[in-house]
Amino acid sequence: MQPFVMRESMEFDVVIVGTGPAGLSAAIRLKQINPALSVVVLEKGVEVGAHILSGAVVDPIGIDALLPGWRREEGHPFKTVVTQERFLMLGEKGAWNIPNALMPGILSNRGNFVVSLGNVCRWLARKAEALGVEIYPGFTGVEVLYNKAGAVIGVVTGDMGVKKNGSHGLNYMPGMELLGKYVLIGEGARGSLAKEVIARYALDRECSPQRYGIGLKELWEIDPIYHQSGLVLHSFGWPLDECTGGGSFLYHMEGNKVSVGFVVHLDYKNPYLSPFEEFQRFKTHSAIRGIFTGARRVAYGARALTEGGWQSVPKLIFPGGVLIGCAAGFMNVPRIKGSHNAVLSGMVAAEHVAVAIAKGRAHDEVAGIEDSWRVGVIGRDLLPVRNVKPLWAKYGTKLGMMLGGFDMWCQQLFGFSFFGTMHYKKTDSAMLEPAFLHDPIRYPAPDNVLTFDRLSSIYLSNIRHEDDEPCHLLIKDKKLQEMSELTVYGGPSIRYCPAAVYEWISEGNNKRYVINAQNCIHCKTCDIKDPNQNIEWTSPEGGEGPVYSDM
């Protein structure tokens, strides 16, 4: 039994978890509607934007709605407008350009901006603080608080200064209770508190299982000769096989910087696949590698992203709170965009919560949120693309992409889909197959010029974790991990983790599972892909993890 801890408490009108686009937009909108509202936003990173990682090409529709007139301001982060876009299908030996005229209109990036989403969030945080929003960086939300009726009434922040053995260090400080009339959860994909409330209130009872991808990203400074400001390049195909979904992005930003990334859908079957190594292989393609001539890699990171779409969005509302942004799963997979919907979902939640508080309500379900998003801008964005990911997963890359394109064209031209709404039946973890069904994949050694190993990569993530603290990666059953994860599936955690956290080490005739938690970049892939759901990611001490810059 855990010892009783006396905690300080603070009361607010609204408590928001997460300083991503959704959480900050909700905070701003609340104060726009009623400046007297007390609003606090928690951020587990050491600063706003420290854990934000995205491509990113941003559709400004959300920012335009939240902050009309922002384009006339000095100091905003939207410096690079998309000037040209290309879409490639890669084979092992060549590349085929897909004409833009063949792409459905919804996939066009005309009018969008190439940005660092972390810098967008830093900018939004300044806007929020100017309105009186309180932002607490370095504080994790580790526990949901409920009243006797079972409604959410707040969250508990993580204790500081706890040692690995559970004792309290000299700098120990217990977490606080932050109480609110409503709690908005915007932790991003696979957040711990979102998982808890979804399970407690069975919010996913009537939707398909959520699907995820892992996005890996590097930031490079390239030779000005190869830089084309505003160029957006996407690809699919090689190095992934026909049965494995994913693709790449390559965005030219200001200052001769290029954002290059690779997404692997986490419904893949082969336990020997390594998303990190596939990303490194991608950069060696003849159609890609030339841009890195004379270039320098300056940053690296990885993050899980929600890919289930329309049919996997759970019920958003629960007694006392709302799911917003990628915690709910508002990413548009074929557009490779979610930040615009995150902003819009934060605004929708804020507007309905503000009305509820004005009427004297608290700790109840704000039903209007659930009714409005599907018939609003978010729904109109997600509905026409709802079958692209399911078709891809069912029919493979080439046929699936063709059918997905056909479906998007039908809905654009006729408002009709021959496929109706396709659903997922399995989670990503259940899609992994036993090792005996697959051959090991031999990846080339890194050259440390264009391709790299994981340890040198995570160094660029500016990771910080205390050595003497409890491990935040929990193995529920250690015997199961050896009997199944290792023996049946060939130890996939050592490959799907993009940060070299997990190792199986030989000790005589036995294998020992080692968790290098200090390497963790908080991508959440282990929590998603472990075939037995035997690994649970929990929040470490506040302020830890990566510190991304310009990502």
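The values are calculated or read from the model by the stated rules, or taken from the named source; none is laboratory data. Fair warning: this is a prediction, and the values are worked out from it, not measured in the lab. Cβ: placed from backbone, ideal geometry, glycine included. Neighbour counts: every protein chain shown. Note: areas computed on protein heavy atoms with side chains; ligands, DNA, RNA excluded. Shrake-Rupley method; radii C 1.70, N 1.55, O 1.52, S 1.80 Å.
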**Message:** For the stretch 166-273, compute Rg over Rh where Rg is the Cα radius of gyration and Rh is the Kirkwood radius from the inverse mean 1/r over Cα pairs.
**Reply:** 1.13
**Request:** State the Cα centre-to-centre distance between the stretch 7-44 and the stretch 300-377 in whole Å.
**Result:** 15 Å
**Prompt:** Can you list the residues of the stretch 171-215 with backbone N under 19 Å from a point 7 Å past the Cα of ALA65, pointing along Cα to Cβ?
**Reply:** 184-188
**Asked** With N residues in the stretch 414-545, what two-decimal value do you get for its Cα radius of gyration over 2.2 N^0.38 Å?
**Response** 1.27
**Asked** What fraction of the Cα pairs in the stretch 13-126, stated in percent, has a spacing above 23 angstrom?
**Response** 44 percent
**Request:** Pop a pseudo-label 7 angstrom from the Cα along the beta-carbon direction at both THR538 and ASP477 and give the gap in nm to one decimal.
**Result:** 1.9 nm
**Asked** For the stretch 1-73, what is the convex hull volume of the alpha-carbon atoms per residue, in Å³?
**Response** 155 Å³
**Complete:** From DSSP H assignment alone, runs of 4+ in the chain each adding -39500 (n - 2.57), the sum over residues rounded to the nearest 500 puts [θ] at 222 nm at -6500 deg cm²/dmol
**Message:** Could you compute how much accessible surface CYS526 exposes when probed at 1.4 Å, giving the result in Å² to the nearest 10?
**Reply:** 10 Å²
**Request:** Work out the FRET efficiency for ASP371 and LYS394 from their Cβ-Cβ distance, taking R0 = 35 Å, and round it to the nearest 0.05.
**Result:** 0.65
**Prompt:** When only C-alpha pairs under 8 Å and at least 6 residues apart count, what is the relative contact order of the chain, in percent?
**Reply:** 21 percent
**Asked** So for THR157, THR538, THR293, what's the accessible-area order with a 1.4 Å probe, most first?
**Response** THR293, THR538, THR157
**Asked** In debye to the nearest 20, how big a dipole does the chain give about its Cα centre with +1 on each Lys and Arg Cβ and -1 on each Asp and Glu Cβ?
**Response** 1020 debye
**Of ALA27, ILE52, PRO68, farthest towards positive along the dipole that unit charges on Lys, Arg, Asp, Glu beta carbons give the chain** = PRO68
**Request:** Once you have the Kirkwood Rh of the stretch 109-180 from its Cα pairs, apply Stokes-Einstein at 20 °C and 1.002 mPa s and quote D in µm²/s.
**Result:** 137 µm²/s
**Prompt:** Between ARG7 and VAL514, how many nm apart are label points set 7 Å from Cα along the C-beta direction?
**Reply:** 3.6 nm
**Message:** With a cut-off of 8 Å between alpha carbons and a minimum separation of six or more residues, what is the relative contact order of the stretch 153-213 in percent?
**Reply:** 27 percent
**Asked** Taking the alpha carbon gyration tensor of the stretch 356-454, what are the square roots of 5 times its eigenvalues, largest first, to the nearest whole Å?
**Response** 38, 24, 16
**Message:** At 7 Å along Cα-to-Cβ for each site, give me the label-to-label distance between LEU413 and ILE98 in nm.
**Reply:** 1.7 nm
**Request:** Using a 1.4 Å probe over the heavy atoms of the protein chains, calculate the carbon and sulfur portion of the accessible area of the chain as a whole percent.
**Result:** 54 percent
**Item:** For peptides 344-356, 321-333, 97-109, 434-446, sequence by mean Cβ density within 10 Å, most packed first
**Value:** 321-333, 344-356, 97-109, 434-446
**Request:** Give the peptides 388-400, 447-459 in descending order of average Cβ contacts within 10 Å, highest first.
**Result:** 388-400, 447-459
**Request:** Return one whole number: the accessible area per residue of the chain in Å², for a 1.4 Å probe.
**Result:** 41 Å²
**Message:** With only alpha-carbon pairs counted, each pair once and no self-pairs, how large is the Kirkwood hydrodynamic radius of the chain in angstroms?
**Reply:** 23.9 Å
